[in-house]
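Participant: I'd like to ask some things about the structure below.
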Amino acid sequence: MRKSIQKIQNYKKEGKKITVLTAYDYSTAKYLDQAGVDMILVGDSLAQVALGYDNTTDIGMDEMLVFTKAVSRAVENAFLIADMPFMSFQIDKTETMKNACKLIKAGANAIKLEGSSDFVVENIKHLTQNGVPVMGHLGFTPMSTNSLGGHKIQGKDADKTIDILKDALRLQSAGCFAIVLELMPLQSSQFISQRLRIPTIGIGAGKFCDGQVLVSDDMLGKYDRFKPKFAKQYSSLKDIIFNVAKAYCSDVENGIFPSIKESFMLEAEEIEKLENYR
Ligand code: KIV
């Protein structure tokens, strides 16, 4: 059975750190789930790392639904969240609700959306009051890269940190069950985390958040177009894939693959019939 929001929120009270990773495909999601990750996020980062787009704003609802369904088929234990893509929650409340429900019907337990404008907060209230669990996302919000002037650290002084705290409190009051804090000094995220009832999940925000999230392709060393300073690379899957593909090509070219072991055989009498065929 998948973890519940109550369980995740209790981890904050118990001081147990919450683990979150992104997943976009069935088999990766299955292994992350079996490894015991608390929450799996079908992040819109898949636009870049899985689909090769330049920005997360390039992905739409139809694509998010395909990946959410694939991941959902694999996840048995973790709480599953799907990102609301760009323009799926910026039109009006009805459109936002429709899109959120599509992601829930695709298998997500909750949706995540970026920002804290009055419009977004009203949308969040509408969702949470109608039974759709919402995770917020503050600090650096990738959909707003242009208006933020690039990949810039947020909350860089006390006033800016207090502004983010005020936004976080508004999201908490609107019913968010947790909030991602992206790209900010560790003292800022600590200050905010200590003042919220709900858990904070950090990415590039230091160790004092209630949990941590990483883009799994960064963790695995699979995506190399951009390597964030905050991402810890635990493996170099890119090199493994490269070397395995080279070994495969060499085996095929040299007649080593397929061998008898990977082949199907005819019975001796059938071989004889073929040999006598004129
Ligand atoms: O899309 C994503 O992967 C995210 C994480 C970076 C939190 O939003």
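The values are calculated or read from the model by the stated rules, or taken from the named source; none is laboratory data. Because the structure is predicted, anything quoted here is derived from the model rather than measured. All Cβ positions, glycine included, derive from the backbone under ideal geometry; neighbour counts span all protein chains shown. Please note that ligands, DNA and RNA were not included when accessible areas were found on the heavy atoms of the full protein model with its side chains. Shrake-Rupley method; radii C 1.70, N 1.55, O 1.52, S 1.80 Å.
Participant: Please go through (1) surrounded by 22 or more Cβ atoms within 10 Å (Cβ to Cβ); (2) farther than 28 Å from Thr28 by Cα for Asp210 and return the number of the only condition it doesn't satisfy.
Facilitator: (2)
Participant: Here's a follow-up. Given Phe79, Phe89, Phe119, Phe67, which one is among the aromatic types (Phe, Trp, Tyr), in the same structural domain as Tyr26 (by TED's automatic domain parsing) and within 12 Å of the ligand (Cβ to nearest atom)? Outline the logic, then answer.
Facilitator: Details: Phe79 fails: within 12 Å of the ligand (Cβ to nearest atom); Phe89 fails: within 12 Å of the ligand (Cβ to nearest atom); Phe119 fails: within 12 Å of the ligand (Cβ to nearest atom).
Testing whether each residue is among the aromatic types (Phe, Trp, Tyr), in the same structural domain as Tyr26 (by TED's automatic domain parsing) and within 12 Å of the ligand (Cβ to nearest atom) leaves just Phe67.
Participant: Still on this structure, I have one more. Does Leu181 satisfy being open to solvent by less than 40 Å² (accessible area, probe 1.4 Å) and in contact with a Cys (Cβ under 9 Å, 6 or more places away or on another chain)?
Facilitator: Details: open to solvent by less than 40 Å² (accessible area, probe 1.4 Å): yes; in contact with a Cys (Cβ under 9 Å, 6 or more places away or on another chain): yes.
So Leu181 fits the description; yes.
Participant: List the number of the failed condition for Lys16; all other conditions in (1) within 16 Å of the ligand (Cβ to nearest atom); (2) within 23 Å of Thr200 (Cβ to Cβ) hold.
Facilitator: (1)
Participant: In segment 8-33, how many are farther than 17 Å from Met219 by Cα, touching a residue at least 24 places away in the same chain (Cβ under 8 Å) and open to solvent by 30 Å² or more (accessible area, probe 1.4 Å)? Give the derivation first.
Facilitator: Step one: filter segment 8-33 for residues farther than 17 Å from Met219 by Cα, giving 8-17, 26.
Within this subset, residues satisfying the condition of being touching a residue at least 24 places away in the same chain (Cβ under 8 Å) are 8-9, 11-12, 17, 26.
Still in the list and also open to solvent by 30 Å² or more (accessible area, probe 1.4 Å): 9, 12, 17, 26.
Within segment 8-33, residues that are farther than 17 Å from Met219 by Cα, touching a residue at least 24 places away in the same chain (Cβ under 8 Å) and open to solvent by 30 Å² or more (accessible area, probe 1.4 Å) number 4.
Participant: Are there any pairs with C-beta distances below 8 angstrom linking a residue in segment 259-278 that is assigned by TED's automatic domain parsing to the domain that holds Tyr248 to a residue that is surrounded by fewer than 10 Cβ atoms within 10 Å (Cβ to Cβ) and modelled with pLDDT of 95 or more, with the two at least 6 apart or on different chains, and if so which?
Facilitator: Leu266/Leu274
Participant: Could you check segment 167-178 and list, in sequence order, the residues that are open to solvent by 20 Å² or more (accessible area, probe 1.4 Å) and in contact with a Pro (Cβ under 9 Å, 6 or more places away or on another chain)?
Facilitator: The initial filter retains those residues of segment 167-178 that are open to solvent by 20 Å² or more (accessible area, probe 1.4 Å), namely 167, 169-170, 172-173, 175.
Gly175 - this is the single residue of segment 167-178 that is open to solvent by 20 Å² or more (accessible area, probe 1.4 Å) and in contact with a Pro (Cβ under 9 Å, 6 or more places away or on another chain).
Participant: Shifting gears a bit: Does segment 216-226 contain any residue that is among the small types (Gly, Ala, Ser), touching a residue at least 24 places away in the same chain (Cβ under 8 Å) and in a helix (DSSP H, G or I)?
Facilitator: Residues of segment 216-226 among the small types (Gly, Ala, Ser): 216, 221.
Keeping just the survivors that are touching a residue at least 24 places away in the same chain (Cβ under 8 Å) gives 216.
Now narrow it down to the ones that are in a helix (DSSP H, G or I): 216.
Looking for residues that are among the small types (Gly, Ala, Ser), touching a residue at least 24 places away in the same chain (Cβ under 8 Å) and in a helix (DSSP H, G or I), one finds at least one in segment 216-226, hence yes.
Participant: Is it the case that Ile164 is over 18 Å from Thr22 (Cα atoms) and buried (at least 19 other Cβ atoms within 10 Å of the Cβ)?
Facilitator: Working: over 18 Å from Thr22 (Cα atoms): yes; buried (at least 19 other Cβ atoms within 10 Å of the Cβ): yes.
It is true that Ile164 is over 18 Å from Thr22 (Cα atoms) and buried (at least 19 other Cβ atoms within 10 Å of the Cβ).
Participant: Here are the criteria: (1) closer than 23 Å to Tyr11 by Cβ; (2) of a type in the set (Gly, Ala, Ser); (3) touching a residue at least 12 places away in the same chain (Cβ under 8 Å). Tell me which single one Ser144 does not satisfy.
Facilitator: (1)
Participant: While we're on this one: From the list Lys125, Lys112, which residue is more than 16 Å from the ligand (Cβ to nearest atom) and either out of contact with any Gly (no Cβ under 6 Å at 6 or more places or on another chain) or open to solvent by less than 20 Å² (accessible area, probe 1.4 Å) (or both)?
Facilitator: Details: Lys112 fails: more than 16 Å from the ligand (Cβ to nearest atom).
Lys125 is the lone residue from the list that is more than 16 Å from the ligand (Cβ to nearest atom) and either out of contact with any Gly (no Cβ under 6 Å at 6 or more places or on another chain) or open to solvent by less than 20 Å² (accessible area, probe 1.4 Å) (or both).
Participant: Same structure again: Step by step: first the residues of segment 173-188, then only those that are in contact with a Gly (Cβ under 8 Å, 6 or more places away or on another chain) and part of a helix (DSSP H, G or I), then the one that is farthest from the ligand (Cβ to nearest atom). Which residue is that?
Facilitator: Per the criteria, the residue is Gln187.
Participant: If you scan segment 49-64, which residues turn out to be within 10 Å of the ligand (Cβ to nearest atom) and in contact with a Pro (Cβ under 9 Å, 6 or more places away or on another chain)?
Facilitator: Taking segment 49-64 first, the residues within 10 Å of the ligand (Cβ to nearest atom) are 49, 56, 59.
Within segment 49-64, Thr56, Ile59 qualify.
Participant: Only one of Gly155, Gly136, Gly107 is assigned by TED's automatic domain parsing to the domain that holds Tyr24, open to solvent by less than 10 Å² (accessible area, probe 1.4 Å), at positive phi and touching a residue at least 24 places away in the same chain (Cβ under 8 Å); which?
Facilitator: Values: Gly136 fails: at positive phi; Gly107 fails: open to solvent by less than 10 Å² (accessible area, probe 1.4 Å).
Answer to the selection: Gly155.
Participant: Looking only at residues in segment 199-215 that are within 16 Å of the ligand (Cβ to nearest atom) and part of a loop (DSSP other than H, G, I, E, B), which one is nearest to His151 (Cα to Cα)?
Facilitator: Filtering segment 199-215 for residues that are within 16 Å of the ligand (Cβ to nearest atom) and part of a loop (DSSP other than H, G, I, E, B), the one nearest to His151 (Cα to Cα) comes out as Gly204.
Participant: Test each condition in (1) over 22 Å from the mean Cα position of the chain (by Cα); (2) part of a loop (DSSP other than H, G, I, E, B); (3) free of Cβ contacts under 8 Å to residues at least 12 places away in the same chain for Asn243 and report the one that comes out false.
Facilitator: Of the numbered conditions (1) over 22 Å from the mean Cα position of the chain (by Cα); (2) part of a loop (DSSP other than H, G, I, E, B); (3) free of Cβ contacts under 8 Å to residues at least 12 places away in the same chain, the odd one out for Asn243 is (2).
Participant: Also, quick follow-up: How about segment 223-278: which of its residues are modelled with pLDDT of 95 or more, out of contact with any Gly (no Cβ under 6 Å at 6 or more places or on another chain) and of a type in the set (Lys, Arg)?
Facilitator: Lys232, Lys246, Lys261, Lys273, listed by residue number.
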